[in-house]
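What follows is a single structure, written as structure tokens, with notes after it.
The values are calculated or read from the model by the stated rules, or taken from the named source; none is laboratory data. As the structure is a prediction and not an experimental result, all values here were calculated from the model. Counting neighbours? That spans all protein chains shown, and the Cβs are built from the backbone with ideal geometry, glycine included.
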Amino acid sequence: MPPAADLPIHGCTCALLRRLNRRVTAVYDRALAPLGLRVTQYSLLSNLRRTPQATLTELAPLLDMDRTTLTRNLKPLVEAGWVRQRQDAQDARARSVELTPAGRALLEAARPLWRRAQDEVNTTIGRPQVAQLHALADAALPRLRPADAGDAHEQ
């Protein structure tokens, strides 16, 4: 295989990444389906476990989402009783979110299903290639800031 600098870039990078994302997401969604959970929901629950009682304003940038999208994604989790929203005592405009005991139990049950999906993706793509993919994503993410963070070329 030629060095990366010599490889041609063909087609739309966005379209390619979206196709890959849809296929990888399908693997995780199939694995989590027995629990009635999608990988986007699993990811949100996992992030809530790591950032207990985070406000929507704090959580949205950690997930690279705007608050409106985050609110929309939280709604079914709240309705299912897996997540609780609370109004901040000092600032009535601020709402914090946290896992409920049912949400923690669901996350615990989902973990082995997620692990199987993770292993399937790693095996199918190949561990070295997945490691390269992670390295590329880790290098690219800081360079591509969300639209509301200003011009991506400013330093």
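Please verify whether Arg30 is charged (D, E, K, R), loosely packed, with under 12 Cβ neighbours inside 10 Å, out of contact with any strand residue (DSSP E or B) (no Cβ under 9 Å at 6 or more places or on another chain) and farther than 26 Å from Arg145 by Cα, treating the condition exactly as stated.
For Arg30, the condition - charged (D, E, K, R), loosely packed, with under 12 Cβ neighbours inside 10 Å, out of contact with any strand residue (DSSP E or B) (no Cβ under 9 Å at 6 or more places or on another chain) and farther than 26 Å from Arg145 by Cα - is not met.
Taking the range 33-45 on its own, how many of its residues are within 21 Å of Ala137 (Cα to Cα), surrounded by fewer than 16 Cβ atoms within 10 Å (Cβ to Cβ) and touching a residue at least 24 places away in the same chain (Cβ under 8 Å)?
Residues meeting the conditions: 1.
Can you give me the number of residues within the range 75-109 that are surrounded by 17 or more Cβ atoms within 10 Å (Cβ to Cβ) and closer than 15 Å to Arg50 by Cβ?
Here the count works out to 6.
Can you find, within the range 127-155, the residue that is modelled with the highest pLDDT among those that are part of a loop (DSSP other than H, G, I, E, B) and surrounded by 12 or more Cβ atoms within 10 Å (Cβ to Cβ)?
Restricting to residues being part of a loop (DSSP other than H, G, I, E, B) and surrounded by 12 or more Cβ atoms within 10 Å (Cβ to Cβ), the top hit is Arg145.
I need the full set of residues from the range 61-95 which are within 28 Å of Asp138 (Cα to Cα) and either touching a Cys at 6+ places or on another chain (Cβ under 6 Å) or not in a loop (DSSP other than H, G, I, E, B) (or both), in order please.
Selection gives Pro61, Leu62, Arg67, Thr68, Thr69, Leu70, Thr71, Arg72, Asn73, Leu74.
Suppose we filter the range 46-59 for residues that are buried (at least 17 other Cβ atoms within 10 Å of the Cβ) and part of a helix (DSSP H, G or I); how many remain?
3
Report yes if Arg49 is modelled with pLDDT of 90 or more, at negative phi and either touching a strand residue (DSSP E or B) at 6+ places or on another chain (Cβ under 8 Å) or among the β-branched types (Val, Ile, Thr) (or both), otherwise no.
In short, yes.
If Gly81 passes every condition in (1) of a type outside the set (Ser, Thr, Tyr); (2) at positive phi; (3) modelled with pLDDT under 90 but one, which one does it miss?
Unmet for Gly81, out of (1) of a type outside the set (Ser, Thr, Tyr); (2) at positive phi; (3) modelled with pLDDT under 90: (3).
Can you spot a residue in the range 60-72 that is touching an Asp or Glu at 6+ places or on another chain (Cβ under 8 Å), among the charged types (D, E, K, R) and surrounded by 10 or more Cβ atoms within 10 Å (Cβ to Cβ)?
Checked the range 60-72: at least one residue is touching an Asp or Glu at 6+ places or on another chain (Cβ under 8 Å), among the charged types (D, E, K, R) and surrounded by 10 or more Cβ atoms within 10 Å (Cβ to Cβ).
Identify, from the list Leu56, Leu63, the residue that is within 13 Å of the chain's Cα centre (by Cα) and at pLDDT below 95.
Leu63
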